[in-house]
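**Q** There's a structure below that I have some questions on.
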Amino acid sequence: MEQLSLFDDRRVNAPLASRLRPKNLSRFVGQEHLLGEGKVLRLLIERDQISSMIFWGPPGVGKTTLASIIAGRTKAEFINFSAVTSGIKEIKEVMNQAEESRRMGIRTVLFVDEIHRFNKAQQDAFLPFVEKGSIILIGATTENPSFEVNAALLSRCKVFVLRALEQKDMERLLRNALEDPEGYQSLRVRITPEQITAIAAFANGDARTALNTLEMAVTNGEMSAEAVTVTEEGLAQCISRKSLLYDKTGEEHYNLISALHKSMRNSDPDAAIYWMCRMLEGGENPLYIARRLIRFASEDVGMADSHALSVAVAAYQACHFLGMPECDVHLTHAVTYLAAAPKSNALYLACEACKTDVKELRAEPVPLQLRNAPTRLMKELDYGKGYQYAHDTKEKLTRMECMPESMKGRKYYFPTEEGEEKRVRKRLEEVEQWKQQDEKEEMPQGHTSMSKKQDEKEETCRK
């Protein structure tokens, strides 16, 4: 008699995550903020009062499962639609079918998985049918719908945000899989609580990853007539590398760089190092991180510690020379330095205020005293007349006005008391006080205008 293997049965051959997909809310794990007793989404599903909605969340948190549960409860016609394999033609065919059903008094619920993969034209094809009520649209997406779903379509849908599963939810899910008849109840799997915790931590909030990892660990366990034992060595191979959620062109990319930037701004080097390592582990180009550090050095540290810019630029060069994985320590060096440095955004504020004036105010001509006069005509037009050469004075200062007349007295840079900027502030205050002294006080002897010096140089050249 042929001995039957555990994997001979077709039902058992299906992936564990597929076999254990909940068919009702009572077996659904996680998302208590949406599906707990009395919560709005639970009530909508239980009462079959579904309206157009979008499920937004990371992979493996139950978006497709919720659609499956809705399909099992609703009295409406339920159509499962894939954004990966469907085009405009298929959309129009389904929409026409839904319109016919509406005329017969039958509702149509259309589930679109990965709706963010539809382009604008494809999404626009849904819009008139959603407006008329021909379809109730349920979309699922891992991307921020604010960016990936047309505003007109998004405004007609309720967005439900699904969260990554918590550690306790993941462990509960794994235990359910071990006890469920559709799972491993008949196998009597021997697995320690510590191993379950390790799988839950590795899955990083993704139920599908957790179940796939458990399945792999059990498949590679030590089998006997009594049970299957999950070994430490086998499990270690299954969880050797965590797959972090990170899309270099998606929202998570901007979330993590924002977290890095704001942690450094808040002088928290530990948090900053963590977010930087998350980006590197997710596959981010170290040169991108280094460029952001260079920006930060001037925007958030600025004159409080001008060495910060040198450190950031040096880190960029080190990343360029070495690349990953060696350059991670150089980025850590720069991130720690910037986080620990005194902070000033005075340069950033000065730049932004000046850009506003440049855009909104009249483009004033350069004052004559600031213009060069390389030709005779320009000298006859008083180019350079009245220029005062600061190096010819004892104070290395003059009272010459450098702003256009209409902007005289306008200020952009307001130094803080932080770090080295305190010294800069004191210096600029002294300069301002000196300039406001009685202008009748003559400049020190030996002062020569730059225009006169320039005239002498040009005369020498002509000779």
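The values are calculated or read from the model by the stated rules, or taken from the named source; none is laboratory data. On a predicted model such as this, the values are computed, not experimentally measured, just so you know. Using ideal geometry, Cβ is built from the backbone for each residue, glycine included, and neighbour counts are taken over all protein chains shown. Calculation scope for accessible area: heavy atoms of the full protein, side chains included, ligands and nucleic acids excluded. Shrake-Rupley method; radii C 1.70, N 1.55, O 1.52, S 1.80 Å.
**Q** What is the set of long-range amide H partners of Ile54 at a cut-off below 5 Å, with H atoms built 1.01 Å from backbone N?
**A** Sorted by chain and number, the residues that satisfy this are Gly139, Lys158, Val159, Phe160.
**Q** State to the nearest 20 debye the size of the charge dipole of segment 146-291 about its Cα centre, where the only charges are +1 on K and R beta carbons and -1 on D and E beta carbons.
**A** 640 debye
**Q** When a/c is below 1.5 the answer is rounded, else prolate if a/b is larger than b/c, else oblate, so apply that to segment 323-397 with a ≥ b ≥ c taken from the square roots of the Cα gyration tensor eigenvalues.
**A** prolate
**Q** Sequence-distant or interchain residues sharing an amide H contact under 5 Å with Arg190, placed H: which?
**A** Result for Arg190 returns Val228, Thr229, Val230.
**Q** Using 7 Å Cα-to-Cβ label points, what is the Ile79/Ser306 separation (nm, one decimal)?
**A** 6.7 nm
**Q** For segment 161-280, report the % of Cα-Cα distances exceeding 25 Å.
**A** Here the tail beyond 25 Å accounts for 37 percent of pairs.
**Q** Students often check this: by mean Cβ neighbours within 10 Å, which of 424-435, 65-76 ranks highest, and how do the rest follow?
**A** Result, highest mean first: 65-76, 424-435.
**Q** Among 409-417, 140-148, how do they line up by average Cβ neighbours within 10 Å per residue, starting with the highest?
**A** 140-148, 409-417
**Q** Taking the Cα centre of the chain as the origin and placing charges on Cβ (Lys, Arg +1; Asp, Glu -1), which of Ile88, Phe296, Ala17 is farthest toward the positive end of the dipole?
**A** Projecting each Cα onto the dipole axis, the largest value belongs to Ile88.
**Q** Between their Cα atoms, which of Lys355/Lys411; Lys359/Lys385; Lys396/Lys422 are more than 18 Å away from each other?
**A** Correct reply: Lys359/Lys385; Lys396/Lys422.
**Q** Quick one: net charge around Arg190, please, counting Lys, Arg +1 and Asp, Glu -1 for every other residue with C-beta under 14 Å from its C-beta.
**A** Once positives and negatives cancel, what remains is -3.
**Q** Provide the per residue accessible area, probe 1.4 Å, for the chain, rounded to a whole number of square angstrom.
**A** So the chain comes to 58 Å² accessible per residue, rounded to a whole number.
**Q** Once you sort the root eigenvalues of the Cα gyration tensor of segment 280-383 as a ≥ b ≥ c, which label holds: rounded (a/c under 1.5), prolate (a/b larger than b/c) or oblate (the other case)?
**A** prolate
**Q** Follow-up question, since we're still on this one. Across segment 28-170, how many lysine pairs, 8 or more apart or on two chains, come within less than 21 Å at their alpha-carbon atoms?
**A** Taking the Cα cut-off of 21 Å, the pair count is 15.
**Q** Please compute the Cα-Cα pair-distance distribution of the chain with 20 Å bins starting at 0, giving whole percents from short to long.
**A** Spelled out bin by bin, the chain gives 17, 33, 28, 15, 7, 0 percent.
**Q** If the only charges are +1 at each Lys and Arg Cβ and -1 at each Asp and Glu Cβ, what is the size of the charge dipole of the chain around the Cα centre, to the nearest 20 debye?
**A** 1240 debye
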